[in-house]
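Peer 1: A single structure is presented below for examination.
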Amino acid sequence: MRPNISTQSNHISRFSGLLILVLSVSCALLFSTAKGRADVTYDVTNVATDDQLNVRATPSATAEKVGTLAFDAKTITATGASRQVGRSVWVEIIVEGRKGWVNAAYVTPTRALTSLCQEPLVCSGTEPFWALQLDKTRGDFDSLSEGKSVIEFRSSRSAHGVPNIWSLKGTTGPARSPVFALLEETNQCSDGMSDLTYRYSIRIDIKDGPFYAGCCNPHPGQPAP
């Protein structure tokens, strides 16, 4: 009796289709599992001891609440993703195997700064208002009174016996005016305008120019390398 080639082909086609379906579902389940980056973790900060930090389904204060974090929660796994919504920055984290978003004003990257620009910093101050984004050896500076400029930091060193204080030296502008900055990890710097506390305090002295004082935090979603 000769085998029915048409019937065999149908069986093979049906089996192949079923195999593809099973593999597709398996892959979907595999890649839908929430995974974080081992090098990106956060600590909760700026939350009262009798309060909790809400975790939202999307980066919005009105989004569905999918979890909470204790006021002193540590080393929270993050995905490395961040998003700016209006004037707020949100970072994506993982809580009990599920992804969610928290306002970056209430978390700080766990890893500490150990050398110049090992992690990007966002700094600001008042009287006059100014801002500095420091990444690697470049500082993008913007002052209400002096305008925008770039500071190129050439060297840095920590204080002898005090590893949480750094001096930074650089230049800025066409005249390459010398710049000296002092960065200190205090975990209690205040901007004088809100109840927030910042990880670093900074002083910036530009030769023949203004002297600035303010606070810094690691840039949200930008882990140390």
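Each value in this text was obtained by applying a stated rule to the coordinates, not by laboratory testing. None of the values given here were measured: they were computed from a predicted structure.
Peer 1: Using the 2.2 N^0.38 Å rule of thumb for compact globular proteins, work out how region 121-218 stacks up: its C-alpha Rg over that value, please.
Peer 2: 1.02
Peer 1: Report Rg(Cα)/(2.2 N^0.38 Å) for region 173-215, keeping two decimals.
Peer 2: Rg over 2.2 N^0.38 Å, computed on Cα atoms: 1.38.
Peer 1: If you don't mind, there's one more thing I want to ask. Tell me the Kirkwood radius of region 37-109: reciprocal of the mean inverse pair distance over distinct alpha-carbon atoms, in Å.
Peer 2: Across region 37-109, the inverse of the average 1/r is 12.0 Å.
Peer 1: Pull up the cross-link candidates among the lysines for LYS65, meaning alpha carbon to alpha carbon under 28 Å and not fewer than 8 places away within one chain.
Peer 2: By straight Cα distance, LYS65 reaches LYS35, LYS74, LYS99.
Peer 1: At a Cα cut-off below 23 Å, give the lysines reachable from LYS207, other chains included and same-chain residues fewer than 8 away excluded.
Peer 2: In chain and number order, the partners are LYS136, LYS148, LYS169.
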